[in-house]
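Some notes on the structure that comes next.
The values are calculated or read from the model by the stated rules, or taken from the named source; none is laboratory data. Being a predicted model, the structure only gives us computed values, none of them experimental. A quick note on method: Cβ atoms are made from the backbone with ideal geometry, for glycine too, and the neighbour counts reach across all protein chains shown.
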Amino acid sequence: MPIDAHSPILSAEGLTKVYRMGEVDVHALRGVDVALGEGEFVVLLGPSGSGKSTLLNILGGLDVPTSGHVRFRGEELGGASERELTRYRREHVGFVFQFYNLIPSLTARENVALVTEIAPHPMSPVEALGLVGLGERLDHFPSQLSGGEQQRVAIARAVAKRPSVLLCDEPTGALDASTGRRVLEVLETVNRELGTATAVITHNAPIAAMADRVVTFGDGRVTGERRNERRARVDEVSW
Amino acid sequence: MRSLDRKLWRDLWHLRTQAITISLVVGAAVASYVCVSAACESLHRSRDDYYARERFADVFVMLEAAPRTLATKLASIAGVAQVAVTAEEPVRAPMASLREPATGRLMSLPPAGQAVLNDIFLTRGRRPMPGVAREAVVLDSFATAHGLGPGDTLDIIVRERLVTVRIVGTAMSPEYVMLASSTGVSKPDSIVALWMTEDVVDALVGKRGAFNRAAMSVQHGASIDAVIASVDRVLKPYGGRGATDRSGQLSHRYLEAEMGGLEGMATVVPLIFLAVAIFLVNVVMSRIVELEREQIAVLKALGYANLRLAQHYLALVLLITSVGAGIGLAAGMWLGEELVALYAKYFRFPVFEFEVTAGHVFVALGASVLAGVLGVLQTLRSVMRLPPAEAMRPAAPPVYRRSLLDRLRIHRWLGQAWRMVLREMERRPARLLFSALGIAAAIAILVAGRFSFDAVEALLDVQFGAAERGDVQVQFVAARPTEAIHALEHVPGVWRVEPMRSTPVRVRAGHHARTVVLTGHPEHASLHRVVTAEHRVVPMPWDGVVLTTELGRILGVEPGDDVDLEFIESPGRRTTVRVAGFADELFGLSVHARMAKVEALMGTAPLVTGASLAVDGRMLDEVCERIGAMPGVASVATRRSALALFEEQTGENMRTMTFVIVIFASIIAIGVVYNNARVSLSTRSRELASLRVLGFTRAEISRILLGEIFLQAALGVLPGLAFGRVLAEGIAAGADAESFRFPLVISSETYAFAVLVAAMSTVVSALIVRRRIDHLDLIGVLKTRGG
């Protein structure tokens, strides 16, 4: 896959993944090649169940492929031990999930501190929350925040460690359009200001307009890829 | 504070009710351990200090008589460290407040004052002065029970002579830690011991310079058995009655038996509680991890290592169990103080203090940590194994299969609600099993805890309902001619008089011997009978004697064998008699025969030592008063007052004990039921909310959850009752068989009480959970993902 301007930071080759869900075998990935360049903003587009999340989990070191290679800055992650994967996540990867996955018993500040306490060169929780526009709601518990605010806390938590890659799984999936746009703005800001390579998974096609590159997904395979001439601003995106 | 630690404290607060119930179970384990085992150690320490200070002997022997100079020969036996030879004489002390005279011993003190072995511990006054006639030190417990002290006088019967002694001091003795007689542990007012100087005892007994009892301490490392064999050889020409080690000393033997029982309890009860605690930690923590699946996955995604997360959940559990250990230590110390205060009524040590040592604290904390770790082990494994990616997806639906009950087509007869209950129970058989066992443990503790009272009730029933049926018991100062009976018959209000003749004997077969009472019964006795545990009356044989079954076992004889009898009140008189049969009596060790047989064996004219009377109830007081005033009567006692005294004494112990076991058992039952119910509710809140949305009423969905709770509890009932019976057997076996045999009688009230307490605990737990069902947030539950 040509990388052009961006040198690859994270790449996958021939990935397959089969897992058991209850009593059923699910073929989530059937041979996927994909790469993410330094500072690049990539949108992975595809319907539910197309294997996008599985790919993201493997790229982020949450899961291991059944076969194929994953490389971070040229180093193979496929055979890494649990300890090495934990370290990879701790130092290099930021995750944003569809359902935010905040710890309900911790405040916004404390949720971010969870990461800043263990990462090598983090920003302060206040700075990270300021970056997502939540400087005023530091001491609120998740149950006291709206869905969009919770997702921004999740983004602050993901970027506070200054990760090399930011992996977002349907970050706007549980949000209405205007709240969703606010979240996308934050992702865009982080990508621009911190230069974090960002991959966003979505089944929401209009979002693709704001990416450098769009990879389309279907039935566990990459079905297409295109490069946007110009990255649309968030306020130009609507759904 | 680190963010993860904040989560820990907030999780703990959120879980507080469940955490408290688990802490209490751990607390009960620690409390029972600390209380019983520290009390046990306090007993050991008090005993060892006491024995060491007063130089309690290792070997004891009674003999006919030997010159005191023989002590040198005993001292030269290999292995003997020190020898004390004393003169000792059985005494009785008729007391106004007793139905029978107090019995005991008069012992000599060497002229120098201090005894070489088995010395006394003066509590008041002074030791008797040599050369001053009739000065005595009296056993402290006896003096206290009768309000006697230095300066008072006491009438005693020595060799059938009434002697008045002057009390100059009171004392405790290592030979009287427990007030035991051959018929069991006695009340302090009925066991008397006196110490007088050698010359005074010699004068009273009429033997100068002789001893009839020797005690020896054995050198460290020497064989006690070898010493006993040598002592027996030396004393054979002097009528030696066989030396024994400390186990032949009554007080010591009862003390050992009591401590053995306590040590057993110090292990079994805490282990039951710990097992329950492990189970509860397991159930609750498994559920928490299930609920926090996504949080764990996120923390892993954020880069937290498995070990750090395992630490987090371990810390949560250890906090809960540590709080339990703290509660347990405090409760254990308090209960221990109470237990020791109770024991101080029965164990007479000069110093007896309850002390919890660092060792107990260490074991208690260690056990609580261990319970936590064992309980959470499975959970930690699943936390470590949880793949972060998988946790991001909703959990696969739990696998239900058509169950055994389905195949048996039993479900056809059940509604959907019961099908759900049964399938859930079948899906988690281990949880079902352990829940039922938890309830069973609670019930067993209740049954075993109340068993001793049932047994005492049964003992009383046999003793006063079947054996001792006379309204009034009369004892004479000494054996009297049968005319004494006619005098009793002529007292107005007396319907019937049944005489008896009893005398202490040493009964021996081979190497085994015991000192017991031989009682002669009249023909056709109906007021004072020999009765078995099953209320069967044992008829007196025409020839031979009847032994208590336990005595037969100790002597190793069977019906048809011969035993030797030695009459203690007629020194030198011995005879051999055939064992005609056994009586399965519950109390003490005895020999029974017809009165005529006793007379023949003793070679005396017909004499009586007491009588049992049937009396017109309306004239009871008058009868007692008239008989009490008759010459030669030592005591008059009514059955009614004996029963009342007994019930007054056991009543208080029973109420305290019942209170404690109800608390302990409820802690287990509520711990098990409440936590199970909470976990069930949490696992099934989605299911239950869906049913509510479908139109089920609160009552209907409550039935599903509460049905499960009650079914689990019900499954524990029968095993609990059976397990309680097994524990009761253990308690009965732990009792000293020579003093009494606990009949394995458990009343239906006890069974019912145990089930009732367990049922109440279940209902209380169910009600608390029911409130939560009523407040189920339908929309909220359905909106959240999985779980």
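For segment B:3-18, check the following and say yes or no: at least one residue is within 30 Å of residue B:296 (Cα to Cα), surrounded by fewer than 20 Cβ atoms within 10 Å (Cβ to Cβ), free of Cβ contacts under 8 Å to residues at least 12 places away in the same chain and touching an Asp or Glu at 6+ places or on another chain (Cβ under 9 Å). Scanning segment B:3-18 turns up at least one residue that is within 30 Å of residue B:296 (Cα to Cα), surrounded by fewer than 20 Cβ atoms within 10 Å (Cβ to Cβ), free of Cβ contacts under 8 Å to residues at least 12 places away in the same chain and touching an Asp or Glu at 6+ places or on another chain (Cβ under 9 Å). Among the conditions (1) within 24 Å of residue A:35 (Cβ to Cβ); (2) at pLDDT 90 or above, the only one that residue A:156 does not satisfy is (1). Checking the stated criteria, residue B:520 turns out to be in contact with a helix residue (DSSP H, G or I) (Cβ under 9 Å, 6 or more places away or on another chain) and modelled with pLDDT of 90 or more. Residues that are free of Cβ contacts under 8 Å to residues at least 60 places away in the same chain and either touching a Pro at 6+ places or on another chain (Cβ under 8 Å) or away from chain B (no Cβ under 12 Å) (or both) within segment A:58-75 comprise A:58, A:62, A:63, A:66, A:67, A:68, A:69, A:74, A:75, listed in sequence order. Restricting segment B:219-241 to residues that are touching a strand residue (DSSP E or B) at 6+ places or on another chain (Cβ under 6 Å) and among the small types (Gly, Ala, Ser) leaves a set whose member that is surrounded by the fewest Cβ atoms within 10 Å (Cβ to Cβ) is B:239.
The set of residues in segment A:144-167 being surrounded by fewer than 24 Cβ atoms within 10 Å (Cβ to Cβ), under 19 Å from residue A:197 (Cα atoms) and free of Cβ contacts under 8 Å to residues at least 60 places away in the same chain consists of A:162 alone.
Conditions (1) crowded, with 17+ Cβ neighbours inside 10 Å; (2) more than 14 Å from chain A (Cβ to nearest Cβ); (3) of a type in the set (A, V, I, L, M), marked per residue:
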{"site": "B:217", "(1), (2), (3)": "yes, yes, no"}
{"site": "B:245", "(1), (2), (3)": "no, yes, no"}
{"site": "B:297", "(1), (2), (3)": "yes, no, yes"}
{"site": "B:300", "(1), (2), (3)": "yes, no, no"}
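Taking the stated definitions as given, is residue B:426 under 30 Å from residue B:605 (Cα atoms) and either in contact with a strand residue (DSSP E or B) (Cβ under 9 Å, 6 or more places away or on another chain) or assigned to a helix (DSSP H, G or I) (or both)? Judged against the criteria, residue B:426 is not a match. A single entry from B:125, B:151 fulfils the requirement of being surrounded by fewer than 17 Cβ atoms within 10 Å (Cβ to Cβ) and at positive phi: B:151.
Any residue that is surrounded by fewer than 19 Cβ atoms within 10 Å (Cβ to Cβ) and either in contact with a Lys or Arg (Cβ under 9 Å, 6 or more places away or on another chain) or modelled with pLDDT under 85 (or both) - is there at least one of those in segment A:50-60? No: segment A:50-60 contains no residue that is surrounded by fewer than 19 Cβ atoms within 10 Å (Cβ to Cβ) and either in contact with a Lys or Arg (Cβ under 9 Å, 6 or more places away or on another chain) or modelled with pLDDT under 85 (or both).
Yes/no matrix, rows are residues, columns are (1) touching a Ser or Thr at 6+ places or on another chain (Cβ under 7 Å); (2) closer than 24 Å to residue A:172 by Cβ; (3) within 9 Å of another protein chain (Cβ to nearest Cβ); (4) among the polar types (S, T, N, Q):
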{"position": "A:91", "(1), (2), (3), (4)": "no, no, yes, no"}
{"position": "A:104", "(1), (2), (3), (4)": "yes, yes, yes, no"}
{"position": "A:119", "(1), (2), (3), (4)": "no, no, yes, no"}
{"position": "A:122", "(1), (2), (3), (4)": "yes, no, no, no"}
{"position": "A:126", "(1), (2), (3), (4)": "no, no, no, no"}
{"position": "A:129", "(1), (2), (3), (4)": "no, yes, no, no"}
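When segment A:208-239 is limited to residues that are free of Cβ contacts under 8 Å to residues at least 40 places away in the same chain and among the hydrophobic types (A, V, I, L, M, F, W, C), the one that is surrounded by the most Cβ atoms within 10 Å (Cβ to Cβ) turns out to be A:209.
Kindly evaluate residue B:671 against the criterion of being buried (at least 22 other Cβ atoms within 10 Å of the Cβ) and of a type outside the set (S, T, N, Q). Here the answer is yes, as residue B:671 does meet what is asked.
Of the listed requirements (1) in contact with a strand residue (DSSP E or B) (Cβ under 7 Å, 6 or more places away or on another chain); (2) surrounded by 18 or more Cβ atoms within 10 Å (Cβ to Cβ), residue B:449 misses just one: (1). Listed by position, the strands (runs of 3 or more DSSP E) enclosed by segment B:515-591 that each have at least 3 residues that are touching a residue at least 40 places away in the same chain (Cβ under 8 Å) are B:545-548, B:562-567. Being touching a Pro at 6+ places or on another chain (Cβ under 7 Å), under 18 Å from residue B:265 (Cβ atoms) and not charged (D, E, K, R) is not true of residue B:51. Taking every residue in segment B:144-167 that is over 16 Å from residue B:196 (Cβ atoms) and pairing it with any residue that is among the small types (Gly, Ala, Ser) and in a loop (DSSP other than H, G, I, E, B), at least 6 positions away or on another chain, the pairs with Cβ-Cβ distances below 8 Å are B:146/B:97.
On inspection, residue B:512 passes the criterion of being within 32 Å of the chain's Cα centre (by Cα) and surrounded by fewer than 21 Cβ atoms within 10 Å (Cβ to Cβ). The set of residues in segment B:302-349 being touching a His at 6+ places or on another chain (Cβ under 9 Å) and either in a helix (DSSP H, G or I) or surrounded by fewer than 18 Cβ atoms within 10 Å (Cβ to Cβ) (or both) consists of B:329, B:332. Going residue by residue through segment B:78-86, is there one that turns out to be within 14 Å of chain A (Cβ to nearest Cβ) and buried (at least 16 other Cβ atoms within 10 Å of the Cβ)? Within segment B:78-86 (the criterion being within 14 Å of chain A (Cβ to nearest Cβ) and buried (at least 16 other Cβ atoms within 10 Å of the Cβ)), the answer is no, since none of the residues qualifies.
Residues in segment A:86-123 that are modelled with pLDDT under 85 and touching an Asp or Glu at 6+ places or on another chain (Cβ under 9 Å): A:97, A:98, A:99, A:101, A:103, A:105. Which of the residues that make up segment B:452-488 are assigned to a strand (DSSP E or B) and not aliphatic (A, V, I, L, M)? Selection gives B:468, B:473, B:475, B:476, B:480, B:481. Does residue B:293 fit the bill of being more than 14 Å from chain A (Cβ to nearest Cβ) and surrounded by fewer than 23 Cβ atoms within 10 Å (Cβ to Cβ)? Taking the combined requirement at face value, the residue does not satisfy it. Tell me yes or no: at least one residue of segment B:571-590 is surrounded by 22 or more Cβ atoms within 10 Å (Cβ to Cβ) and within 28 Å of residue B:205 (Cβ to Cβ). Yes: segment B:571-590 contains one or more residues that are surrounded by 22 or more Cβ atoms within 10 Å (Cβ to Cβ) and within 28 Å of residue B:205 (Cβ to Cβ).
All conditions but one from (1) surrounded by fewer than 24 Cβ atoms within 10 Å (Cβ to Cβ); (2) out of contact with any helix residue (DSSP H, G or I) (no Cβ under 8 Å at 6 or more places or on another chain); (3) within 14 Å of chain B (Cβ to nearest Cβ) apply to residue A:78; the one that does not is (3).
All conditions but one from (1) within 32 Å of the chain's Cα centre (by Cα); (2) on the phi < 0 side of the Ramachandran plot; (3) outside any helix (DSSP H, G or I); (4) not basic (Lys, Arg) apply to residue B:220; the one that does not is (1).
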